[in-house]
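The values are calculated or read from the model by the stated rules, or taken from the named source; none is laboratory data. Note that the coordinates shown come from a computational prediction; the quantities given were computed from them, not determined experimentally. All Cβ positions, glycine included, derive from the backbone under ideal geometry; neighbour counts span all protein chains shown. We work out accessible area using only protein heavy atoms, side chains counted, and drop any ligands, DNA or RNA first. Shrake-Rupley method; radii C 1.70, N 1.55, O 1.52, S 1.80 Å.
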Amino acid sequence: MDLTRIRIVLVQTSHPGNIGAAARAMKNMGLTKLILVNPKDYPSGVALGRAASALDILDNAEVVDSLDAAIANCGLVIGTSARSRSIPWPMVEPDECAQKLVTASGQNDVALVFGREDRGLSNDELQLCHFHVQIPANEDYSSLNVAAAVMVLSYEIRKAFLRAVDSQTKVSDSIVSSESLEVNWDQPLATVADIESFLAHLEKVLIRLDFHDPENPRQLMSRLRRLCTRIRPDTMEINILRGILTSTEQQLDKKPNPQE
Ligand code: SAH
């Protein structure tokens, strides 16, 4: 486990004060890597003021222009949401979220993604994540300030990290197979970028096979994306699947066109 491999990603934050407060929360809890996706008003003196002694986190923060760029090289991505969304996705509790991030950070870069103050994360953004986490707040008012949400989940990460250090083992007895996968596997997990290129390739082949009609997509690609993120393929498995797609394309190229 390696806290420097756990990145906090803030998507299109409107208020620079929230960026500063998030940086402070991160530093309090021992996290260092902050990525800002298209912040509305940044750099900003307000962010510096709210960061207090966490200026180093802001100094080292990376600004990127898409969520894909922020998480491309990550093997595990967890998205946060104040409410449930249209297509059900694998959910984890805050403590389980922290445990997964801490464990997976031993082998992979990992990310915890936070949304906009007014609209949270879009469905497309949430579908890039392997799991979703919701802080079980008051049902009558479940939406926390984004920096407060960063604090709550960073604290969970801190607790999971301290528990792991304390027990001197990376994995506790109760952990299910997906964590052993993150620790003991022979191949690194596929990154978000690997899965995205596989899905783009798969979509292309499914269109050629007339299995998928982009004019009438239903939820095919979303469901295949959910399947891929749920099974967490490793790099070798993704390479095999890509090879199968390439062979399928080669066979299709050979097939005589029935119209000719
Ligand atoms: N109205 C928005 C709320 C956004 S709150 C919506 O319905 O989605 C801004 C961000 O704070 C969210 O995108 C999420 O990253 C975080 N957040 C707020 N409340 C949360 C909760 N209960 N659980 C997890 N994250 C939360």
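Brief remarks follow.
- Placing +1 on the Cβ of every Lys and Arg and -1 on the Cβ of every Asp and Glu, with nothing else charged, gives region 3-179 a dipole about its Cα centre of roughly 280 debye.
- Taking a straight Cα-Cα cut-off under 13 Å and skipping sequence neighbours fewer than 8 places away in the same chain, the aspartates and glutamates within cross-link reach of residue 33 are 2, 56, 59, 62, 109.
- Selected from 148, 12, 31, residue furthest toward positive end of dipole (the chain; charges at beta carbon): 148
- Here the Debye sum runs over all C-alpha atoms of the chain as equal scatterers in vacuum, and log10 of I(q)/I(0) at q = 0.08 Å⁻¹ comes out as -0.35.
- Modelled FRET efficiency - R0 35 Å, residue 213 with residue 40, Cβ distances, 0.05 increments: 0.40
- Residues of the chain: accessible area per residue with a 1.4 Å probe, Å²: 51 Å²
- Pairwise FRET efficiency - residue 93 versus residue 205, Cβ, R0 = 45 Å, nearest 0.05: 0.75
- Crossing angle, helix 16-28 versus the chain [Cα axis fit, 0-90 degrees, rounded to tens]: 80 degrees
- Residues listed by number, region 67-83, amide nitrogen under 19 Å from residue 237 label point at 7 Å toward C-beta: 73-78
- Across all directions, the shadow cast by the convex hull of region 1-123 built on its C-alpha atoms averages 7.3 square nanometres.
- Ordered from longest to shortest, the equivalent ellipsoid semi-axes for region 192-254 are 19, 17, 7 Å, each the square root of 5 times a Cα gyration tensor eigenvalue.
- C-alpha long axis of helix 94-104 to longest principal axis of the chain, angle in °: 70 degrees
- Sulfur and carbon atoms: percent of accessible area, region 192-254 [1.4 Å]: 54 percent
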